[in-house]
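Taking it in order: structure first as structure tokens, then the write-up.
The values are calculated or read from the model by the stated rules, or taken from the named source; none is laboratory data. Please read these numbers as outputs of a predicted model, since none were measured by experiment. Using ideal geometry, Cβ is built from the backbone for each residue, glycine included, and neighbour counts are taken over all protein chains shown. Heads up: the accessible areas ignore ligands, DNA and RNA and are worked out on the full protein's heavy atoms, side chains in. Shrake-Rupley method; radii C 1.70, N 1.55, O 1.52, S 1.80 Å.
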Amino acid sequence: MTVGKDVSSLFPDVVNCMQTDNLELKKLVYLYLMNYAKSQPDMAIMAVNSFVKCLKDEDPYVRKTAAVCVAKLHDINAQMVEDQGFLDSLRDLIADSNPMVVANAVAALSEISESHPNSNLLDLNPQNINKLLTALNECTEWGQIFILDCLSNYNPKDDREAQSICERVTPRLSHANSAVVLSAVKVLMKFLELLPKDSDYYNMLLKKLAPPLVTLLSGEPEVQYVALRNINLIVQKRPEILKQEIKVFFVKYNDPIYVKLEKLDIMIRLASQANIAQVLAELKEYATEVDVDFVRKAVRAIGRCAIKVEQSAERCVSTLLDLIQTKVNYVVQEAIVVIRDIFRKYPNKYVKILVQLTLLTAIVKLFLKKPSETQELVQQVLSLATQDSDNPDLRDRGYIYWRLLSTDPVTAKEVVLSEKPLISEETDLIEPTLLDELICHIGSLASVYHKPPNAFVEGSHGIHRKHLPIHHGSTDAGDSPVGTTTATNLEQPQVIPSQGDLLGDLLNLDLGPPVNVPQVSSMQMGAVDLLGGGLDS
């Protein structure tokens, strides 16, 4: 079987060997059964009676293996497993004296529960939870992950029980296996919702969560990336956990690009008035790197800092002007877009640093508002932009305005003078309900993809959607609602919308009622001559 030969014809004879007392032989039989159970489901049913005995075998190795076999058997014939009472036997194994048997029973029941979200197979109660926590200290690392994942599905009856569980899970944060650490973080993040805000234990737990997350960033790049994707979720939910650790997210020269981009995103989420000087110094340095995508994102990040921390806006604008002076094409392009967004956030504050693109847009706006008085001016400016300018961005925008004005002035007015959305909230934050669900999946692929399991797991439409527990205890008048940042003056994350979301321009002028804009025949003629119908093709 190991070398790939088909020995399924011996299935009945191998099943008979399950009756032996020889442990080594039993191990070989189990390996054989698990290999052929999928391809020979009818024959696998023959082993049912033997499994009934295995689940109560005196040897813990047999019991823990039989627990996993039940999950496999359930995948083949769920009805038979339920009729034979295997699920009850599995539940009994949660009280087993051997921690690995407990872990495998939990793993098997959890997997079966995924396909039966409303069945409550695990029947978690304080007694069972205590048994799981007892087994947690003696399990292998993968057994600990199974148990921690199971604990994360439990909803304590009050904050006292939640604190008790947290106290017993906290030592897992120092485990050498990063998967165990993330599973422990998941449990603690969920139960934080139930703890009284501003209590001593709540604040102590926040402090304990930071070091293990920082330690994960000392691993291989692939492990770092997984950790960073999970940290991104954690920072969106509770930025105060890592508010003092921003330096560990500063980019290293030898970081792979996917790690650099994730670090940059988290760095901006943690930016505050207290650390903005350090952050801006880093970002300015990143803007001189060789990777174009990273440089663009670094320049955009400077704008995000200006939007998020108002006190830093002037320093951010100054930094962007320095970058424009480098005359590196893609740096200048990105800096201009970012400055435009800063103008919209702080209107009339930095008008003195307008660039050519802004002047072009402003003159077109003026023409749309007062066409009879500015027709000659707009023709002259469009002619300069399209014929005399070496800047491709300016030239392209000039052509677009010219064609728009010459073909449909009414539409031009709707486009150019349209109202722009306010820049005040962060548009790349994950929607709160989805964020809560992803927190429940920390340490899994869902937390890396930032998507719920049913978005990428085939046949997972029946998977139960998870959510954070609701605080049952009373809250003091000074307490904030569940799910909000507390016990800190750290600003909530804010960021400018992405470039694709901003179709407007720099100046947010007052919009008047629509007026009829006359067709300009000379401009129309010029547009046709200049563009040669290129935009129609």
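The calculated FRET efficiency for Gln375 paired with Glu414, based on their beta-carbon distance and R0 = 22 Å, is about 0.65.
Could you tell me which of the pairs Lys237/Lys297; Lys190/Lys451; Lys297/Lys327; Lys247/Lys466; Lys27/Lys53; Lys297/Lys466 are separated by over 25 angstrom between their Cα atoms in the structure shown?
In this structure, Lys247/Lys466; Lys297/Lys466 exceed 25 Å between Cα atoms.
When the Cα atoms of the range 271-351 are aligned to their principal axes, the ranges along those axes come out at 30, 27, 17 Å in descending order.
Using the per-residue mean of other Cβ atoms lying within 10 Å as a proxy for protection, in what order, highest first, do the peptides 148-154, 298-304, 11-17 fall? Please report the intermediate quantities before stating the final value.
Values: 148-154: 21.9, 298-304: 25.7, 11-17: 14.7.
So the order, starting with the most tightly packed, is 298-304, 148-154, 11-17.
A straight Cα-to-Cα reach below 20 Å connects Lys370 with the aspartates and glutamates Asp408, Glu414, Glu419, Asp505, Asp510, residues fewer than 8 places away in its own chain not being considered.
How compact is the range 355-407 by the rule of thumb for globular proteins, expressed as Cα Rg over 2.2 N^0.38 Å?
Details: Rg = 10.2 Å, N = 53, 2.2 N^0.38 = 9.9 Å.
Here the Cα radius of gyration is 1.02 times the empirical estimate.
Pairs of Cα atoms in the range 121-175 fall into 10 Å distance bins, from 0 up to the last occupied one, in shares of 22, 61, 16, 0 percent.
If R0 is taken as 56 Å, the Cβ-Cβ distance between Arg315 and Leu121 corresponds to a FRET efficiency of 0.45.
Taking every eigenvalue of the Cα gyration tensor of the range 1-123, multiplying by 5 and rooting it, what semi-axes result, largest first, whole Å?
Values: eigenvalues 111, 59, 28 Å².
Value: 24, 17, 12 Å, ordered largest first.
Here's the list of lysines a cross-link from Lys365 could span, going by alpha-carbon distance under 19 Å and ignoring same-chain residues fewer than 8 apart: Lys352, Lys413, Lys420. A straight Cα-to-Cα reach below 20 Å connects Lys252 with the aspartates and glutamates Glu220, Glu222, Glu262, Asp265, Glu282, Glu285, Glu289, Asp291, Asp293, residues fewer than 8 places away in its own chain not being considered. In the range 1-34, whose amide N lies under 14 Å from the spot 7 Å out along Cα-to-Cβ of Val68? List them in ranges. Those under the cut-off are 27-34. Surface calculation, 1.4 Å probe, protein heavy atoms: Asp92 sits at approximately 110 Å² accessible. Of the solvent-accessible surface of the range 1-123, computed with a 1.4 Å probe over protein heavy atoms with every protein chain present, carbon and sulfur atoms account for 49 percent.
Full extension of the chain between Val457 and Thr2 gives 160.8 nm of extra length, using 0.36 nm per residue less the Cα-Cα distance.
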